[in-house]
1. Starting from the Cα gyration tensor of region 1-63, take the square roots of the eigenvalues, sort them a ≥ b ≥ c, and report rounded, prolate or oblate (rounded when a/c is under 1.5, otherwise prolate if a/b is larger than b/c, else oblate).
2. Whenever you get a sec, compute what percent of the accessible area on region 207-361 sits on carbon and sulfur atoms (1.4 Å probe).
3. Taking θ = phi - 60°, what integer Hz values does the Karplus form 6.51 cos²θ - 1.76 cosθ + 1.60 yield along region 242-256, in sequence order, with x for Gly and Pro?
4. Can you give the percent of C-alpha pairs in region 71-229 whose distance is more than 21 Å?
5. Name the residue farthest towards the positive end of the dipole of region 1-121 from the options Gln116, His58, Val40, assuming +1 on Cβ of Lys and Arg, -1 on Cβ of Asp and Glu, about the Cα centre.
6. Nearest 500 deg cm²/dmol is fine: what mean residue ellipticity at 222 nm does the chain get from its DSSP H runs of n ≥ 4 alone, each adding -39,500 (n - 2.57), divided by its residue count?
7. Taking just the C-alpha trace of the chain, give me its Rg and Dmax in Å.
8. Which residue, Leu253, Ala213, Gly184, has the largest displacement toward the positive end of the dipole of region 161-290 when charges sit on each Cβ (Lys, Arg +1; Asp, Glu -1)?
Amino acid sequence: MTKIIIAVDSFKGSGTSEEIANYIETGLQQGNSQFEIEKVAIADGGEGTVSVVTDATHREVYSKPVKNPFGEAVEAHWGLLDPQTAIIEVAQADGITLIDGRLDVMRASSYGVGQQMLQAIDQGAKTIYVGLGGSASNDAGLGMLQALGARFLDENAHLLEGVPTNLDQISTIDTIQLERNLVGVQIIGLSDVTNPLTGKQGASYIFGPQKGANEQQVVELDEMIEKFADQVAHENHANEAGAGAAGGIGFALLAFCHSKIESGIQTVMKLIGLPDKLLTADVVITGEGKIDGQSLGGKVPIGVAQLAKQHQLPVIAITGSAGDEYQGAYQHGIDLVIPSVSRPMTVETAIQQTQKLVTQAGRNAAQVIELIENK
């Protein structure tokens, strides 16, 4: 009997990791009811990371109020993996999905992320994993740092709110209380991107537009954030891989919280025990909403594929669509990409038909697997 592991990321706006895996399973069973199928929900540090890890490890989840990007109250979830290890995700407090399309990149703050970290510390956490993905803010982590106890003052010693518009007014940075709050705490950022903080590949230029920044605002944000980074230039954290993650929260963790940044997908796979699950697999199916050149930098499909290849397993990627440079995935462990959209249609139509389309893609994958078996 062929055993298939399904480990797919969520299709943003279309379905969670669990839902997409269920659709694929249905399609596979339509093709061959004798397949043994194991579904493994997975994430790479973005939206859904907390639920994926806590569900897989059967750990406790906390839900407490924090501020969303515009300072409004929202319930945010985080998990405790053991008495001293917590996992949070930026998307829970600073998520772009929390603001109902009200994009305002010059005002959005990461304050709620810092609140979550303090909640975990109050609960006894000494190690905190922070999933860096899905943020609405581009504030270089200013809001998060303020919530953790940092104080930002202008040249007249007036206290500044931790929002992007104040980045270039900061004259003095007081981190005494922040450092007290983080004594004995190790913070590990989980990122699916390797972008630096500033420049053409930085947070503002690459991710700012999807958060509502126009061309002028992109330039302004990049300049203000560069000035802010220069004030803490005792180490060159701005150019480290992942410093630009989550609108610069990656940089704030590195520069102010003595943190390190790890590959989100690699760490999540370890936390949920995926390497052990692959020991008994024959085929692996992975995927995400869109596979393209950006996927090669550390997204779920590539991480899963590279792990599967350590066990010489064939890998099929089922995606919503295949974008520019998706063929690069074939050099990173994926053997076949099956887009679920097989005919021209609008994005809205594709989202409405996600279940039908992904199920059919699963059915197509079953045909391929039978070819592999009969080879």
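1. On the way: a/c = 2.98, a/b = 1.78, b/c = 1.67.
Prolate shape, in that a/c is at least 1.5 and a/b is the bigger ratio.
2. Details: 3250 of 6910 Å².
Its accessible area is 47 percent carbon and sulfur atoms.
3. x, 4, x, 5, 6, x, x, 4, x, 4, 4, 5, 5, 7, 10
4. Details: 5820 of 12561 pairs.
Counting pairs separated by more than 21 Å, the tail of P(r) holds 46 percent.
5. Final value for the positive-end residue is Gln116.
6. Details: 14 runs with 132 residues, N = 375.
Mean residue ellipticity at 222 nm (helix-derived): -10000 deg cm²/dmol.
7. Rg and Dmax of the chain, Cα atoms, are 21.1, 76 Å.
8. After comparing all options, I get Gly184.
The values are calculated or read from the model by the stated rules, or taken from the named source; none is laboratory data. Here the structure is a predicted model, which means the values were calculated and not measured. In this analysis, Cβ positions are derived from the backbone assuming ideal geometry, glycine residues included, and neighbour counts consider all displayed protein chains. When the accessible area is computed, the model is the full protein with side chains, heavy atoms only, and any ligands, DNA or RNA have been set aside. Shrake-Rupley method; radii C 1.70, N 1.55, O 1.52, S 1.80 Å.
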